[in-house]
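**Q** The structure's right below; bear with me while I get my questions together.
The values are calculated or read from the model by the stated rules, or taken from the named source; none is laboratory data. These numbers come from a predicted model, not from an experiment. In this analysis, Cβ positions are derived from the backbone assuming ideal geometry, glycine residues included, and neighbour counts consider all displayed protein chains. With ligands, DNA and RNA removed, areas are computed over all heavy atoms of the protein, side chains included. Shrake-Rupley method; radii C 1.70, N 1.55, O 1.52, S 1.80 Å.
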Amino acid sequence: MLIGYIRDIVRYPVKSFRGESVNKTNVMNYGLYGDRSHAYLDESRPGKYLTITQFPEMVRYKAGFMGEENLNKYPPVRITAPDGKQVPWNDEQLIKELEQRASAEITPVQYSPIHVPEGAIEEENILVVTDASLMKMKELWGKEELDFQRFRPNLVLSLIKYEPFMEDQWFGKTMKIGDVELKVKRHCERCMIITVDPESGDRDPSLHKTVISERNNHFGVYVTVLKTGEIAAGDEVYLFE
């Protein structure tokens, strides 16, 4: 059954930095190509990464790949800082700036284009939200604007049947986009990250309170990859039992 189309594709080359919208990408076994493939280890917490939870202003640093996708080696990752300055993701001055502002000692870490471990991604492979649910959540929140980037999705779907939260009915079903096949697994349980404005870094706890009270703290669904391939914005999205 045709349920809609891909409206937006977003990947996050650096964990907890703002992501980049792309017109097309490869879906790997771990999720979108290069998603959370670069990160900063927090040396004060062995085995953990520096994230928005510890340093909310990470969302104001935008990360993007500078070049075509390559399965042997990532294209260079460029960071655009809040002041507009652009530097490589492992630039020494950038690292120092992050350490000073976050009051943490960090170490850059990069994973293979073929495999990004679950620790970096943290949950299932891909996070999906819908345009209808975003609009309904904005209404429930009662604010004029709701930047979908607060929820850090990988795919935003434009639905044919404009029904908010219809994704609650998708669990266990297979989502097919071209040759790509995805299994819809479960709700995404939200955390404080959605309280952070992606533009300013300011926090507003009222959004999280709304998601908790209206949606039992659920927004968006996780899918796992069954079959890899390429997807593009505008692609049709089908759902099967």
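**Q** Based on this model, can you work out whether D147 counts as modelled with pLDDT of 95 or more and within 14 Å of V14 (Cα to Cα)?
**A** When the stated conditions are applied, D147 does not pass them.
**Q** Taking the criterion of being within 16 Å of the chain's Cα centre (by Cα), among the small types (G, A, S) and either open to solvent by 50 Å² or more (accessible area, probe 1.4 Å) or closer than 21 Å to R11 by Cβ (or both), would at least one residue in region 205-214 satisfy it? Full working, then the answer.
**A** Narrowing region 205-214 to residues within 16 Å of the chain's Cα centre (by Cα): none.
No.
**Q** Anything in region 13-33 that is in a loop (DSSP other than H, G, I, E, B) and either within 23 Å of E199 (Cα to Cα) or open to solvent by 30 Å² or more (accessible area, probe 1.4 Å) (or both)? List them, or say none.
**A** P13, K15, S16, F17, G19, V22, N23, N29
**Q** What strands (runs of 3 or more DSSP E) completely inside region 138-206 contain at least 2 residues that are within 17 Å of R7 (Cβ to Cβ) and in contact with a helix residue (DSSP H, G or I) (Cβ under 6 Å, 6 or more places away or on another chain)?
**A** 155-159
**Q** Continuing with this model, one more query. Take V87 and decide whether it is among the hydrophobic types (A, V, I, L, M, F, W, C), surrounded by 13 or more Cβ atoms within 10 Å (Cβ to Cβ) and more than 19 Å from the chain's Cα centre (by Cα).
**A** The answer is yes for V87.
Matching residues to (1) in contact with a helix residue (DSSP H, G or I) (Cβ under 9 Å, 6 or more places away or on another chain); (2) not charged (D, E, K, R):
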site	(1), (2)
Y40	yes, yes
E43	no, no
Y49	yes, yes
I52	yes, yes
G64	no, yes
I79	yes, yes
Q86	no, yes
Q93	no, yes
K96	no, no
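**Q** What number of residues within region 44-68 satisfy the criterion of being touching a strand residue (DSSP E or B) at 6+ places or on another chain (Cβ under 6 Å), open to solvent by 50 Å² or more (accessible area, probe 1.4 Å) and either farther than 12 Å from K15 by Cα or assigned to a strand (DSSP E or B) (or both)?
**A** Number satisfying all stated conditions: 2.
**Q** Of everything in region 158-191, what is open to solvent by less than 30 Å² (accessible area, probe 1.4 Å) and either closer than 25 Å to M28 by Cα or modelled with pLDDT under 95 (or both)? Give them in sequence order.
**A** Answer for region 158-191, where residues must be open to solvent by less than 30 Å² (accessible area, probe 1.4 Å) and either closer than 25 Å to M28 by Cα or modelled with pLDDT under 95 (or both): L159, E167, W170, T174, M175, I177, V180, L182, V184, C188, R190.
**Q** Would you please list the contacts, defined by Cβ atoms under 7 Å and residues six or more apart or on different chains, that run from a residue in region 207-224 that is touching a residue at least 40 places away in the same chain (Cβ under 8 Å) and outside any strand (DSSP E or B) to a residue that is among the aliphatic types (A, V, I, L, M) and open to solvent by 30 Å² or more (accessible area, probe 1.4 Å)?
**A** T210/L140; E214/L140
**Q** As an exercise: evaluate P82 against (1) more than 25 Å from R190 (Cα to Cα); (2) in a loop (DSSP other than H, G, I, E, B); (3) open to solvent by less than 10 Å² (accessible area, probe 1.4 Å) and give the number of the one condition it does not meet.
**A** Result: P82 fails condition (3) only.
**Q** Can you pull out every residue in region 37-84 that is free of Cβ contacts under 8 Å to residues at least 40 places away in the same chain and of a type in the set (A, V, I, L, M)?
**A** M66, A81
**Q** If you don't mind, there's one more thing I want to ask. How do the pairs read when you match residues in region 9-31 that are touching a residue at least 12 places away in the same chain (Cβ under 8 Å) and among the β-branched types (V, I, T) with residues anywhere that are part of a loop (DSSP other than H, G, I, E, B) and open to solvent by less than 10 Å² (accessible area, probe 1.4 Å), using Cβ under 8 Å and keeping only pairs 6 or more apart or on different chains?
**A** I9/N154; V10/G19; V10/P153; V10/N154; V14/Y61; T25/Y33; V27/Y33
**Q** So which residues in region 90-107 are more than 23 Å from D202 (Cα to Cα), assigned to a loop (DSSP other than H, G, I, E, B) and either of a type in the set (S, T, N, Q) or open to solvent by less than 20 Å² (accessible area, probe 1.4 Å) (or both), if there are any at all?
**A** Hit for region 90-107 is N90, nothing else.
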